[in-house]
1. Mind pulling the angle between the C-alpha long axis of helix 68-78 and the longest principal axis of the chain? Nearest 10 degrees, somewhere in 0 to 90.
2. Using only the alpha carbons of the stretch 52-97, what is the convex hull's orientation-averaged projected area in square nanometres?
3. If the chain between W35 and A84 were fully stretched, how many nm would it gain, using 0.36 nm times the residue separation less the Cα-Cα distance?
4. At a Förster distance of 35 Å, what's the computed FRET efficiency of A141 paired with D19, Cβ-Cβ distance as r, to 0.05?
5. Alpha carbon centre of the stretch 1-60 versus the stretch 95-141: separation in Å?
6. Looking at (1) 19.6, 65; (2) 18.3, 60; (3) 20.7, 71, which value of Rg and Dmax of the Cα atoms in Å comes from a calculation on the structure shown?
7. Just want the answer: with Cβ charges of +1 for Lys and Arg and -1 for Asp and Glu, which residue in F248, F34, A175 is farthest toward the dipole's positive end in the chain?
8. Would you kindly state how much longer the chain becomes between A99 and A5 on full extension, computed as 0.36 nm times their sequence separation minus their alpha carbon distance, in nm to one decimal?
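Each value in this text was obtained by applying a stated rule to the coordinates, not by laboratory testing. Remember, predicted model here, so these are calculated numbers, not experimental data. Cβ: placed from backbone, ideal geometry, glycine included. Neighbour counts: every protein chain shown.
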Amino acid sequence: MAVRAEHDRAVLADLLGRDPVLHAYQLGDLDDFFWPYTSWYRRDDQVALLYHGVDLPTLLAFAPPPRTDDLAALLSDLAPVLPARLWAHLSPGLDATLARWYERDDPAPHLRMALTDPARLARVAPAGQVLDRTDLPALHALYAAAYPQNWFDPRMIDTGQYVGIRDGAELVAVAGVHVWSPTWRVAALGNVTTHPRLRGRGLAGAAVAALCARLRDSVAHVTLNVRADNTAAVRLYQRLGFTAVADFVECGLRRRP
C-alpha cells in the first residue's frame, strides 16, 4: 500500500489507539481543538502527522522498535512533499531515514514518560489554583523568566487544565497540558516550570499533583515529553510516579539544496 492522506478520524483513532501512550499527542490532535491544523498520512497501519498550528510545521512519527522500518517506508514516500523546513519528533532512527532529503539541526534525545505509579503521586500534597485567560499576562511573564524556550499556545488555557501557584500576587509555578482529550482519554503534560528564585521547594511537583488530580476522571493515560539530559526534570517525574516508556528525537529539518 502506498502512502496516502488520511481524513477519517475513526480510522486514525483505531490505529493510534493501539498504543495510546506512544501516540498520546497524535490522539489528542484528533480533537476539534487541533484537527483543523493537522494533515495525516498513512501507509498500511503506520501513521505520520504534520501539525500546522505553529510557526514551524511539526512532524510526528512514532513506532515501536519492531515497526520502525515500516514507518521509515512511509516517511521515505512522504519526504519529497514535506515542507522545506520543519520541526520533527521521531522514533529513533527515523531522522536517518530523512537524511537523504533533509539536514538535521539541534537534535536532542527525549523521553516519553507515562504515569504508571499513581500511589507515588498520591504522596505529594497538591497545590495551586486553576488559571484562566485573565492569568495570561502573569503566565507569559513566568515563562519569560523561567522557561523562555517553551512552546505555549494561549488557547490551551481554555481547557481549564492549567494550575498555578502564587507567591503573594506573583505567579511562580505552573503545570499545564499540551494535549487533553476526554474523547480519546489521553493527556500530555507540558509547560511545567517554577520561577528560578523558588526552585527546589517542590512547587512544580505540587502543581503537577494538583493537575493530575483534575485529569483523573477524564483520561486514562497521562503522558509527557522531557529531554533525556534534563536530569532534574526526569528525577522529578520519576518521584511523581512517571516511567520512561519510549525514546525519541526532536530536531529541526532543513531540505538539502
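1. Long axis of 68-78 versus the principal axis of the chain: about 70 degrees.
2. Over all viewing directions, the stretch 52-97 projects a mean Cα-hull area of 3.2 nm².
3. Result: 15.4 nm gained on full extension.
4. The computed FRET efficiency comes out at 0.40.
5. 19 Å
6. Of the labelled values, this structure produces (2).
7. Farthest towards the positive pole: A175.
8. Result: 31.6 nm gained on full extension.
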